[in-house]
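J.: My structure is below; once you've seen it, I'll send some questions.
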Amino acid sequence: MFDALDLGLVCFFVSLVHVKGLEYYTEKPSYIESCRIKEPGFTNCSTRSIQAFLNEVIKGIPEIEESFGPIDPMKQDQLTFTQTNSDVSSISANLSDLVIRGFGKLIVKESKVSKKDFSWQDKIYIPRMRFDGKYQMVGNVLIIPLHGSGNIFMEIDDLDILLNAKTRLYEKGGYTFYNVTDVSVKLKVGHVRTYLDNLFNGHSKEVEQSTNEFFNENWRSFFETFRPLITETLESTLFDLLKKMFSLMPANFFIEDIPNSLLLYGRKSRLTA
């Protein structure tokens, strides 16, 4: 028979196992398809597997939502942006209370994995992404002098993202994991719509309206002004998300024949956790 002390110790150790279990999965979820990189058709298999994983992340995996928050809509507190190296634009802007919608419709068109270092290159398509928030801006956009603050929205149709993720393998609890070390993206857009209210601090609603119409008529040039900001936003957001996703799920779940860090890098550079 357990006495009170024994029962307390048992409960304590059970709670430790439960907490530790939240650090990473030790059983592969049914929605992840395992692939073998040395077999034909790996890229197709990998594409299906990553799409299925992202579908579950979008629905809501508690351990990811707890640390990252919801995926769609996604929130960013504040972004600062300066564009000084353009012939047609020179601005300083601050965006706050930013809400990003569209990741819920994300489609993985292709997910390639390097056999050399197991980094990835993914082609992602989002039918429509929308940014809503508050702005403060001083400068020139398409040679128009701007000085104002207010609400902003930007909608991007047919957004293609070429994502490159650098990784480093490490071991934890007998599993091999991805440590995502860098994320870069290249963007291609189909169309952009935008509106900034209070552009001239409310001095002329007519000029504000005509200026926004001009921006939308010349949306390609307008987007180029904000391309660095959108690129940086997506890179930092995806870096944070991918890092959390793949610290939760062992790489072995996705690639059955992935080597451990000792085999890939040699003993001197082996990482463990």
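The values are calculated or read from the model by the stated rules, or taken from the named source; none is laboratory data. Predicted model, so just to flag it, every value in this text is computed and none were measured. Note: ideal-geometry Cβ built from the backbone for every residue, glycine included; neighbour counts use all protein chains shown. Ligands, DNA and RNA are excluded from the accessible area calculation, which covers all protein heavy atoms including side chains. Shrake-Rupley method; radii C 1.70, N 1.55, O 1.52, S 1.80 Å.
J.: Under 9 Å between Cβ atoms, at least 6 apart or on separate chains: pull out the pairs that start in region 63-84 with a residue that is touching a residue at least 60 places away in the same chain (Cβ under 8 Å) and end on any residue that is in a loop (DSSP other than H, G, I, E, B) and of a type in the set (D, E, K, R).
T.: Qualifying pairs under 9 Å: Glu63/Glu23.
J.: Using beta carbons and a limit of 8 Å, which pairs, at least six apart or on different chains, have the first residue in region 228-242 and closer than 16 Å to Lys75 by Cβ and of a type in the set (A, V, I, L, M) and the second one open to solvent by 10 Å² or more (accessible area, probe 1.4 Å) and part of a helix (DSSP H, G or I)?
T.: That search, which allows pairs on different chains as well, returns Leu241/Phe68.
J.: Checking the condition of a type outside the set (Gly, Ala, Ser), closer than 20 Å to Ser111 by Cβ and without any contact (Cβ under 8 Å) to a residue 40 or more places away in the chain, which residue from Lys188, Lys166 passes?
T.: Answer to the check: Lys188.
J.: Being open to solvent by 50 Å² or more (accessible area, probe 1.4 Å) and in contact with a Ser or Thr (Cβ under 9 Å, 6 or more places away or on another chain): is that true of Ser236 here?
T.: no
J.: Which residue out of Phe177, Phe254, Phe214, Phe223 is more than 28 Å from Asn55 (Cβ to Cβ), among the aromatic types (Phe, Trp, Tyr) and open to solvent by less than 30 Å² (accessible area, probe 1.4 Å)?
T.: Just one listed residue meets the conditions, Phe223.
J.: A further question on this structure: What about Ala52, is it in contact with a Phe, Trp or Tyr (Cβ under 6 Å, 6 or more places away or on another chain), surrounded by 13 or more Cβ atoms within 10 Å (Cβ to Cβ) and at pLDDT 90 or above?
T.: yes
J.: Please find, among Lys123, Lys134, the residue that is closer than 20 Å to Asp72 by Cα, at pLDDT below 95 and of a type outside the set (A, V, I, L, M, F, W, C). Working first, answer last.
T.: Working: Lys123 fails: at pLDDT below 95.
After applying the criteria, what remains is Lys134.
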